[in-house]
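Undergrad: The structure follows.
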Number of protein chains: 2
Amino acid sequence: MTDFTATAARFCLPPGIIYLDGNSLGPLPVGAAARAQDVITREWGEQLIRAWNGADWIGLPRRVGDRIAALIGAPAGSVTTGDTLSIKVFQALAAALALRPDRRVVLSDTGNFPSDLYIAQGLVGALGRGLELRLVAPDQVAGAIDDTVAVTLLTQVDYRTGRLHDMAALTARAHAAGAVAIWDLAHSAGALPVDVTAAGADFAVGCTYKYLNGGPGAPAFLYLAERHVAVAEPILAGWMGHTAPFAFDLDYRPHGGIDRMRVGTPPVLALAVLDAALDAWDGVDMTDLRTASIGLSERFIAEVAARCPDLILASPRDPAARGSQVSFRHPQAYAIMQAMIARGVIGDFRAPDLIRFGFAPLYLSEDQIVAAAAILDAVMAGRLYDDPGYRQRARVT
Amino acid sequence: MTDFTATAARFCLPPGIIYLDGNSLGPLPVGAAARAQDVITREWGEQLIRAWNGADWIGLPRRVGDRIAALIGAPAGSVTTGDTLSIKVFQALAAALALRPDRRVVLSDTGNFPSDLYIAQGLVGALGRGLELRLVAPDQVAGAIDDTVAVTLLTQVDYRTGRLHDMAALTARAHAAGAVAIWDLAHSAGALPVDVTAAGADFAVGCTYKYLNGGPGAPAFLYLAERHVAVAEPILAGWMGHTAPFAFDLDYRPHGGIDRMRVGTPPVLALAVLDAALDAWDGVDMTDLRTASIGLSERFIAEVAARCPDLILASPRDPAARGSQVSFRHPQAYAIMQAMIARGVIGDFRAPDLIRFGFAPLYLSEDQIVAAAAILDAVMAGRLYDDPGYRQRARVT
């Protein structure tokens, strides 16, 4: 059984803060600063160019990818890291569309993170050939998968409500209809047990600055199912995806493995910090994590329901249908969240009317959850969010 | 007059090393490590999510872009930073092609860095519609620009030989033929005076880990001429390029300015380190830099010509036709460079037969150049590169 009272020591959290925004930016892991210093002063400063081989900078995307693979049910050698999630969505979608040249529809839902939809719009617009991004409501996705669909592009956990898609069921449905399934795990990786292999996902992508605590703008990851590795076409055909980058051939020949999804020179410093951040997962059982996460979110929902009748739960009431976050609706959501932050409880606001809280058992205790609910209660009961002076101050923050 | 005897103190260089590989990875600037620590421990660690506004993380791509703009003759607000150079080439080429929908040819040369060519191949292949990447020898470029050419995609300084394209002349020729000009400044920015405005470049891109000393895998930059800003189509339509990223609209509407070329969440740590690295340019006059760079490379060529008759100059003999690097050919180039590195002179090898040396006056003195030539002489005269024991050891490094 994972001891979550011990894992909090793996993070540097400022005193007096209850941090419920790890679903947006995870906190600083203890080893990250020292690792950055080592990479900067010893590897870069002293080894200089020699560190590409001497410190195996060149191997970082795969090494860090293997550690993420272990958290999402992927085999070693099936995940690469680098770039941003938007870029990885673009790569996955282009390669997926190339696998279904006779089909025209990219199916997604209105609960998907907008950047995924924007990237799809940009790609579909550039490729032309009658391609269409089709959006349906999240609960209409299963019914909308038919034999016109080339690719399903879905985020497992809704960034606003935490609503959880059934990855295995929707992937099976996509495959039955002859479509390719891409899963965005931005709010899943490190938040709940994920098994891309068991689910049969074709591609999976995600970011690492949320529950994986890799730091602001940390590199993204891309998983490619083994059955596609030899045929997936890299639209972003950068030199690091070449089978022999240092031969400097004039013609692109993709690497035979997952490295074909690498693009440019890897972001060494950020990858090293992410590598250090992943130490926080040593010995953590994801089933235990899920149990603890549900315990925290259920307790928070119960406390808020008992104390704050004006807040409407925007997340599924069934914990099995949620990721690791909970949102509430209120017309003054922005001001409420600002008032909470001013009182040391950091969650976030999502337009137009949501306050959102993430639950990361690695560093959060039930006592903190109860204390956060009490502060929310005080803000609501005292209408502290309605203080005009506060609103004025909030504008300049 | 810039005092280059003083600027060396702006870098941390290991004792006993003569570093002639800043054209591959610039050395560590003195402020970079402290800046990284501050971003990690204070901004990320203490401010957490609040640092996006509180520390203006969100503004980093533009702020750092403005500092690079000042080094390449671009106005403030015309350069953004992030991603990798390969990604920026892809964005620029896609947007440039969209400006010439009736033309089919992307013109480049065989001296261009392969990743630029690979990226063009990937994009051309994906877009179809009869597009073609046409390669000619570097000295044939001007003659090959005709009215079939949609885009010229050229790197100003050849990564192997240092051969310098005439940016203003080729851009004028491209425009006269109705083509759009993209310039890759990977080996130009921070290496010589560049004026994208005077040259009339439509797009310019570059990396920051060479002469700009941003660190391994540091973010890239993209310049967009003002006349294209309102119409350039972002094929990588990520949320950070949206006119209102935090409105979370379902539809992509590009930002009205250079920010439309942003893609995903910015790499905060790497951008902050790059920002610190750019302090090394305070008060540096680029014309003085060029004079000093030519002084160093001319001295090196003279010393090598006098001492090492077996080495064939692969770079233009006329310094006005070179960037800030010099290369020599030899069948045993790889072993020669390994022998030099073992003796404290770091340059690099480029397949199949080049040894390459970069000259960065910010931290290199003429004494070091003479000493480096003497070590090269010793390696050549003593045939130290032919030592079979050495070759065996080199293989495991």
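Readers should treat all values here as calculations from the given coordinates under stated rules, not as data from a laboratory. The shown structure was predicted, so the numbers you read here are calculated from the model rather than taken from an experiment. Please note: Cβ atoms are built from the backbone with ideal geometry, for glycine as well, and neighbour counts cover all protein chains shown.
Undergrad: Rounded, prolate or oblate: which fits the protein assembly as shown, taking a ≥ b ≥ c as square roots of the Cα gyration tensor eigenvalues, rounded meaning a/c under 1.5, else prolate when a/b beats b/c? Before the final figure, lay out each step's value.
TA: On the way: a/c = 1.85, a/b = 1.57, b/c = 1.18.
Note, shape of the protein assembly as shown comes out prolate.
Undergrad: For the pair B:Thr110 and B:Met1, what calculated FRET efficiency results from E = 1/(1 + (r/R0)^6), where r is the Cβ-Cβ distance and R0 = 51 Å, to the nearest 0.05?
TA: Working: r = 39 Å, r/R0 = 0.77.
For R0 = 51 Å, the calculated efficiency reads 0.80.
Undergrad: HN-Hα J couplings of the stretch B:306-322 from phi, Karplus 6.51/-1.76/1.60, θ = phi - 60°, integer Hz, Gly and Pro as x?
TA: 6, 9, 10, x, 7, 8, 9, 4, 9, 9, x, 6, 6, x, 5, 9, 10
Undergrad: When DSSP assigns beta bridges and you keep just the ones with both residues in chain B, what percent turn out antiparallel, to the nearest 5?
TA: Values: 23 of 41 bridges.
Taking every DSSP beta bridge with both residues in chain B, the antiparallel ones total about 55 percent.
Undergrad: Quantify how strongly other chains surround peptide B:238-245 by giving the mean number of their Cβ atoms within 10 Å of each of its Cβ atoms.
TA: Values: counts 12, 10, 5, 4, 3, 0, 1, 3.
Going residue by residue through B:238-245 and averaging, the value is 5.
Undergrad: Another question, if that's okay. What is the spread of the Cα atoms of the stretch B:199-311 along each of their three principal axes, largest first, in whole Å?
TA: Result, largest extent first: 67, 33, 32 Å.
Undergrad: Using per-residue counts of other Cβ atoms within 10 Å, averaged over each peptide, order A:365-373, A:252-260 from highest down.
TA: Listed from highest to lowest mean packing, they are A:252-260, A:365-373.
Undergrad: Taking the Cα centre as origin and putting +1 on Lys and Arg beta-carbons and -1 on Asp and Glu beta-carbons, what dipole magnitude results for the protein assembly as shown, to the nearest 20 debye?
TA: On the way: 68 positive and 82 negative charges, 75 e Å.
For the protein assembly as shown, the charge dipole is close to 360 debye.
Undergrad: Under a 5 Å amide H to amide H cut-off, with H placed in plane at 1.01 Å, what residues pair with B:Thr110 once short-range neighbours are removed?
TA: B:Val136, B:Ala137
Undergrad: Can you quote the Å³ per residue value for the convex hull of the Cα atoms in the stretch A:248-304, rounded to an integer?
TA: Each residue corresponds to 176 Å³ of Cα convex hull volume.
Undergrad: While we're looking at this one, here's another question. Using 0.36 nm per residue, how much length does the chain from A:Thr148 to A:Val136 gain when fully extended, once their Cα-Cα distance is taken away? Don't skip to the end; give the middle numbers.
TA: Values: separation 12, 0.36 × 12 = 4.32 nm, distance 1.46 nm.
2.9 nm is the gain from fully extending A:Thr148 to A:Val136.
Undergrad: Another one. Taking H placed 1.01 Å from N in the peptide plane, check which residues at least 5 places from B:Arg322 or on another chain put their amide H under 5 Å from its amide H.
TA: B:Leu164
Undergrad: So, one more: Cα-Cα pairs above 30 Å in the stretch B:32-281: how many percent? Walk me through the intermediate numbers first.
TA: Values: 7733 of 31125 pairs.
So the pairs more than 30 Å apart make up 25 percent of the total in the stretch B:32-281.
Undergrad: Step through the residues of the stretch A:251-265 one at a time and calculate ³J(HN,Hα) from phi using the Karplus curve (6.51 cos²θ - 1.76 cosθ + 1.60, θ = phi - 60°), rounding each to whole Hz and writing x for Gly and Pro.
TA: 10, 7, 10, x, 4, x, x, 4, 4, 5, 8, 6, 10, x, 4
Undergrad: Per-residue HN-Hα couplings for the stretch B:128-133, Karplus 6.51 cos²θ - 1.76 cosθ + 1.60 at θ = phi - 60°, whole Hz, x for Gly and Pro?
TA: Values, residue by residue: x, 5, x, 5, 9, 8 Hz.
Undergrad: Of B:Gln91, B:Gln156, B:Gln140, which is the most mobile in a GNM of chain B whose springs link Cα atoms less than 10 angstrom apart?
TA: B:Gln140
Undergrad: How big is D, in µm² s⁻¹, for the stretch A:301-370 by Stokes-Einstein at 4 °C and 1.567 mPa s if Rh is the Kirkwood radius over C-alpha pairs? Please list the in-between numbers first.
TA: Details: Rh = 12.7 Å.
My calculation gives 102 µm²/s for D.
Undergrad: While we're on this one: So what's the angle, to the nearest 10 degrees on a 0 to 90 scale, between helix B:114-127 and the longest Cα principal axis of chain B?
TA: Once rounded, one gets 30 degrees.
Undergrad: OK, next. Highest GNM mean-square fluctuation, chain B, Cα pairs closer than 10 Å: which of B:Leu384, B:Leu278, B:Leu20?
TA: B:Leu384
Undergrad: Something else about it: Could you grab the relative contact order for chain A? Cα pairs under 8 Å, six or more apart, rounded to a whole percent. Write out the running numbers ahead of the final one.
TA: Details: 771 pairs, mean separation 87.0, N = 397.
Once normalised by length, the contact order is 22 percent.
Undergrad: Looking at B:Asn213, B:Gln47, B:Ala179, which one has the Cα that reaches farthest to the positive end of the dipole of the stretch B:32-281 (charges on Cβ: Lys, Arg +1; Asp, Glu -1)?
TA: B:Gln47
Undergrad: On to the next question. Mind sorting A:Ile145, B:Ile235 by how few other Cβ atoms lie within 10 Å of their own Cβ, fewest first?
TA: Working: A:Ile145 21, B:Ile235 25.
The order, fewest Cβ neighbours first, is A:Ile145, B:Ile235.
Undergrad: Averaged over peptide A:247-254, how many Cβ atoms belonging to another chain are found within 10 Å of each residue's Cβ?
TA: On the way: counts 3, 9, 4, 9, 5, 9, 1, 2.
Mean partner-chain Cβ count within 10 Å for A:247-254: 5.
Undergrad: For the protein assembly as shown, build the charge dipole from Cβ charges (+1 Lys, Arg; -1 Asp, Glu) around the Cα centre, then report which of B:Met240, A:Ala34, B:Gly382 sits farthest towards its positive end.
TA: B:Met240
Undergrad: Calculated from DSSP H runs of 4 or more alone, at -39500 (n - 2.57) each and per residue, what is the 222 nm mean residue ellipticity of chain A, nearest 500? The partial results should precede the final answer.
TA: Working: 15 runs with 144 residues, N = 397.
Only helices count here, giving -10500 deg cm²/dmol.
Undergrad: Relative contact order for the stretch B:180-247 using alpha-carbon pairs under 8 Å, separation at least 6, rounded to a whole percent? Kindly include the intermediate steps, with their values, before the conclusion.
TA: On the way: 72 pairs, mean separation 17.8, N = 68.
26 percent.
Undergrad: What number, in percent, do you get for the relative contact order of the stretch A:94-199 if the mean sequence gap of Cα pairs under 8 Å and at least 6 apart is divided by its residue count?
TA: Numbers: 161 pairs, mean separation 31.4, N = 106.
Relative contact order here is 30 percent.
Undergrad: Mind checking the dipole of the stretch A:32-281: about its Cα centre, +1 per Lys or Arg Cβ, -1 per Asp or Glu Cβ, Debye to the nearest 20? Let's see the in-between values first.
TA: Numbers: 20 positive and 25 negative charges, 29 e Å.
Taking the Cα centre of the stretch A:32-281 as origin, the dipole is about 140 debye.
Undergrad: Calculate the mean, over all residues of peptide B:270-276, of how many other protein chain Cβ atoms lie within 10 angstrom of the residue's Cβ.
TA: On the way: counts 7, 2, 2, 5, 0, 0, 0.
Average per residue, whole number: 2.
Undergrad: Still on this structure, I have one more. Using a Gaussian network for chain B with springs between C-alpha atoms less than 10 Å apart, which of these wobbles most: B:Ala94, B:Ala339, B:Ala33?
TA: For chain B, modelled as a Gaussian network with Cα springs under 10 Å, the answer is B:Ala33.
Undergrad: Right, here's the next one. For the stretch B:1-99, report the % of Cα-Cα distances exceeding 21 Å. All intermediate terms of the calculation are to be shown ahead of the outcome.
TA: Working: 2783 of 4851 pairs.
Counting pairs separated by more than 21 Å, the tail of P(r) holds 57 percent.
Undergrad: Also, I was wondering about something else. Can you flag which of A:Lys210/B:Lys88; A:Lys88/B:Lys88; B:Lys88/B:Lys210 are past 22 Å Cα-Cα?
TA: Details: A:Lys210/B:Lys88 26 Å; A:Lys88/B:Lys88 15 Å; B:Lys88/B:Lys210 16 Å.
Result: A:Lys210/B:Lys88 exceed 22 Å.
Undergrad: Starting from the amide H of B:Tyr211, placed 1.01 Å from N in the peptide plane, find each other amide H under 5 Å away whose residue is 5 or more places distant or on another chain.
TA: none
Undergrad: Average projected area of the Cα convex hull of the stretch B:53-123, in nm²?
TA: Quarter of the Cα hull surface area: 6.4 nm².
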